[in-house]
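Okay, structure first, notes after.
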């Protein structure tokens, strides 16, 4: 049986920096769950969103409740209904969300993608590489 994973500020080790909040948007449930668990194991809070629309809603709800915005949005590009690209375009047009740090996670192997999106990109499904990129973005 696994030991509990810290997921709240109260459970962070003493003297540690405040836990960061990561909004994780991906429609692949297994990838979403395992990556969220790894991020929580690093001592951070995770907001999970299974769709692009759910990610936008999570951001708006945090703003409405006057909660701090996430420190990072980890965004899958290929999602149904509202793709990660659409989410990214909406965020960049919004004065409130234009500066939100985004890390794109995708299985699309397009060497021109980083230049077109102007955000860091990491490729699935290598969890360690993705987690390393998240750690780098949060540093």
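The values are calculated or read from the model by the stated rules, or taken from the named source; none is laboratory data. The model shown is predicted, which means the values in this text are computed figures rather than measured ones. For neighbour counting, all protein chains shown are included, and Cβ atoms are generated from backbone atoms with ideal geometry for every residue, glycine included.
Checking segment 51-59 against the condition returns a match, with at least one residue being within 20 Å of residue 27 (Cα to Cα), in a loop (DSSP other than H, G, I, E, B) and free of Cβ contacts under 8 Å to residues at least 60 places away in the same chain. The number of residues in segment 87-123 being assigned to a helix (DSSP H, G or I) and in contact with a helix residue (DSSP H, G or I) (Cβ under 6 Å, 6 or more places away or on another chain) comes to 1. Scanning segment 54-77 for residues that are surrounded by fewer than 17 Cβ atoms within 10 Å (Cβ to Cβ) and over 16 Å from residue 98 (Cα atoms) yields 61, 64, 65, 66, 67. Here residue 131 meets the list (1) closer than 16 Å to residue 22 by Cβ; (2) assigned to a loop (DSSP other than H, G, I, E, B) almost entirely, failing just condition (2). Residues in segment 63-79 that are touching a residue at least 12 places away in the same chain (Cβ under 8 Å) and out of contact with any helix residue (DSSP H, G or I) (no Cβ under 9 Å at 6 or more places or on another chain): 1 in all. Anything in segment 16-30 that is more than 12 Å from the chain's Cα centre (by Cα) and either in contact (Cβ under 8 Å) with a residue 12 or more places away in the chain or closer than 18 Å to residue 69 by Cβ (or both)? List them, or say none. Residues satisfying the conditions are 16, 17, 18, 19, 27, 28, 29. Among the residues making up segment 101-130, a single one is modelled with pLDDT of 90 or more and surrounded by fewer than 18 Cβ atoms within 10 Å (Cβ to Cβ): 101.
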